[in-house]
Every structure is written in C-alpha cells, then in structure tokens.
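Have a look at the structure below, then the notes.
The values are calculated or read from the model by the stated rules, or taken from the named source; none is laboratory data. What you see is a predicted model; the values in this text were computed from it and never measured. Every residue, glycine among them, receives a Cβ derived from its backbone with ideal geometry; neighbour counts consider all protein chains shown.
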Amino acid sequence: GLSMEVKEGEIVSIIGPSGSGKTTLLNIVGGLSRATAGIVRVGDIEVTSLNENQLTEYRRKVVGHIFQTLNLIPTLTAAENIELPMMAMKVPRSKRIERVRELLEIVGLTDRANHKPGELSGGEQQRVALAAALANDPPVILADEPTGELDTVNSKIVVEYLLKINREMGKTIIMVTHDPVVARAGDRILRIEDGVIKAALTPAQVSMKERTLSFIDQIRMRMSDLESQLKKLEEDLRAGRISGDEYFRERQKLTQTINVYREELHRLGVVS
C-alpha cells in the first residue's frame, strides 16, 4: 500500500512513470475516486468515510482541482468559468463578481476577463483553470499535470503562479508531473512506482543531468505522439471522415506544435 503525509502549506510534487498510480492518488485525495482499502484524511476530515452528498460538499469546499485536460467551458468567458464553482455554492452575485475580479488579478489575467477559452493561449487557459480551482477558497489544490500541454515558457509562468498562491494564500498543493523541472518547485518530491512511494527527494537531489535528459525524453515522446496524430489525420482525410478544411486546420496546429518542440530540442543542443 501507499502511505504519505502532507503538511499544511506544503507543496509536494509526485513523479513516476505512466500508470504508476499518480493520478489515481490525486483522485482519491480529491474525493473523485474511492480507495479500496485504508484511510484518507484531509485536515480533520476522513475522506474515506464520507457518503456521496458529503463528498460533493468536500469537493466544492475543501479541494480545488486542476486537471491535465482543461475543464473550461468553451462558450463561457474566463470570468464566467471562474464564477461557475461559486454559483454551485449559491454565493451571492455581488460576492461572486468581487471574487472573480480578485482571482483574475491574482493570476494576471484582468485584461482577459471577457475572452473565451478559444481566444486564450494554453498558458492563459491553465491560469483561468487555476483561478477557478481557487474560487471557493479551498485549503488544498490538487494539480494533475498542470503544465503537461504547455511549452517551456508557459510552464514556468504557471509554476510561478502556483508558488504565488502557496506563499501568499497558504494553499497546500499536491502536484503530479512528468517534468523534473516542474517537480523541483515542490518542497518535497515523491517518486511513485506501481502504487508505492519508492523515494522521497528534495529539489536539490534532482540533478541537472536528470532534469535535462528527462525533459528531452518528454519532448521526444510528445513529438512522436503529435506525428502519430498527423498520420491519423491523413488517414481520416483519405477515408472521407473529415473535410479538406478540417484537415488543413488541424494539420497546421499539429505542425506548429511540432516545430515549437523541435526548436526547443535545438536550443538544448539536440538534433531531433
């Protein structure tokens, strides 16, 4: 089994190979999945003993989730996406508006309040998701690969905002990441394999060599995945499953992203 303790106000990074149980752990702590055995406590709350109604309240008040796949509603503005969790809690409109304004300022997006997700960059979208996670002022933030789909610059910006809410708002943050550079933002780094904590590290114990190699491997994996998507896109076009316009639009997006990663590899002295 897995045993861990996170102190109030701490940032803990969780790393490990795919399928090792990182996201499952976050989901159990966040009340999205139930543990098959053992006890989970968050503060004074024994999460494992809560019924469904209590779990709903727990998810709304105690934990804020930032998912790997953004859960922003595309038809709502940034401000409206941030306001949504408060509407579920029946917070009065005047207080919601005030809180949205405050959170947009915290994540540096005051001037993007009325923009919809499709009009924002990936980094800006993730900062909106962070603000939405903070909407009901939960003491705990659970971040599942918060920089997983971002380039190096935007990853750094999102991590800086996570550090900011930890320092200035006292939030406890548990963050899953594949990127050792991002993991170093934590006070502690836990390495999980096969559902077991194999090592507990300090940021200083993650060597520069490991960081660089892991980052290069991560970029290569993403490029390989994107190239597979390109091939599937061509197959879909030939099979008549998508139109020519759809093909060229999606191909342009994928190609641009691949080029960004290729430039990053060149910057690191790697020929892709």
Requested in this report: Select from the stretch 135-151 the residues that are hydrophobic (A, V, I, L, M, F, W, C) and not in a strand (DSSP E or B) and write down the one among them that is nearest to Leu254 (Cα to Cα).
Outcome: Leu150
Report task. Scan the stretch 217-257 for residues that are surrounded by 15 or more Cβ atoms within 10 Å (Cβ to Cβ) and under 21 Å from Val181 (Cβ atoms) and jot them down. Result -> Gln218, Ile219, Arg222, Met223, Leu226, Thr257
Query raised in the report: Can you tell me which residues in the stretch 30-44 are surrounded by fewer than 12 Cβ atoms within 10 Å (Cβ to Cβ) and in contact (Cβ under 8 Å) with a residue 60 or more places away in the chain?
Result: Gly43
Requested in this report: Starting from residues that are of a type outside the set (S, T, N, Q) and loosely packed, with under 12 Cβ neighbours inside 10 Å, keep the ones in the stretch 1-16 and report whichever is modelled with the lowest pLDDT.
Outcome: Gly1
Requested in this report: Output the residues belonging to the stretch 57-73 that are under 15 Å from Val140 (Cα atoms) and without any contact (Cβ under 8 Å) to a residue 24 or more places away in the chain.
Outcome: Glu57
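Here is a yes/no grid of residues against (1) more than 19 Å from Pro17 (Cβ to Cβ); (2) at pLDDT 90 or above:
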{"residue": "Lys156", "(1), (2)": "yes, no"}
{"residue": "Gly186", "(1), (2)": "no, yes"}
{"residue": "Leu190", "(1), (2)": "no, yes"}
{"residue": "Glu193", "(1), (2)": "no, no"}
{"residue": "Ala204", "(1), (2)": "yes, no"}
{"residue": "Lys209", "(1), (2)": "no, no"}
Query - Any pair with Cβ under 9 angstrom, 6 or more apart, that starts in the stretch 14-29 at a residue that is within 10 Å of Leu142 (Cα to Cα) and ends at one that is hydrophobic (A, V, I, L, M, F, W, C) and in a helix (DSSP H, G or I) - result: Val29/Val47
